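Just so it is clear, none of the values below were taken in a lab; they were calculated from the coordinates. Here the structure is a predicted model, which means the values were calculated and not measured. When we count neighbours, we look across all protein chains shown, and the Cβ atoms used for this are built from the backbone with ideal geometry, even at glycine.
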């Protein structure tokens, strides 16, 4: 079954892809939208060539010229959070559309300012993951090596016991 997407869905998908957060890849966005990765790439390419929507040239122009949320500096983010603070959700959504961002961006920026992490990026988590992965890998190797040594020792003990049962122990020979 081939699914057909509406023109507005395509435009919103392209907008979401172009305004994605740092560290989020287009493939993840395509998966969350239920769209094929290559399909979303094609829509983005058509949008940049202004061929995605033949009847709304003003919207296309605005979509390609708007600043992505991750391109906003801390001052601009703070001003947007302050501007949205006294507005209701509908007014905030309208303002966000004019600025080319989503409501969740403003909420995230507000949380970042409250938590004191507005200037920090999410990239420091990546090296931690790499170091943890390499540590896990080395620990697994070490555990595997020790398991093999333990198995070998257990096998030698069993063999020694069998040899002693068959031939008798050295202690018995010396006492007779």
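Can you sort 14, 163, 35 so the residue with the fewest Cβ neighbours within 10 Å comes first?
Working: 14 24, 163 11, 35 19.
The order, fewest Cβ neighbours first, is 163, 35, 14.
Just want the ordering: 135, 11, from fewest to most Cβ atoms lying within 10 Å of their own Cβ.
135, 11
Give the peptides 98-110, 139-151, 78-90 in descending order of average Cβ contacts within 10 Å, highest first.
Averaged packing, sorted descending, gives the order 98-110, 78-90, 139-151.
Given the Cα-Cα distance of residue 68 and residue 161 and 0.36 nm per residue of separation, how much length would full extension add, in nm? Mind showing how you got there, number by number?
Details: separation 93, 0.36 × 93 = 33.48 nm, distance 7.37 nm.
Taking residue 68 through residue 161 to full extension adds about 26.1 nm, to one decimal.
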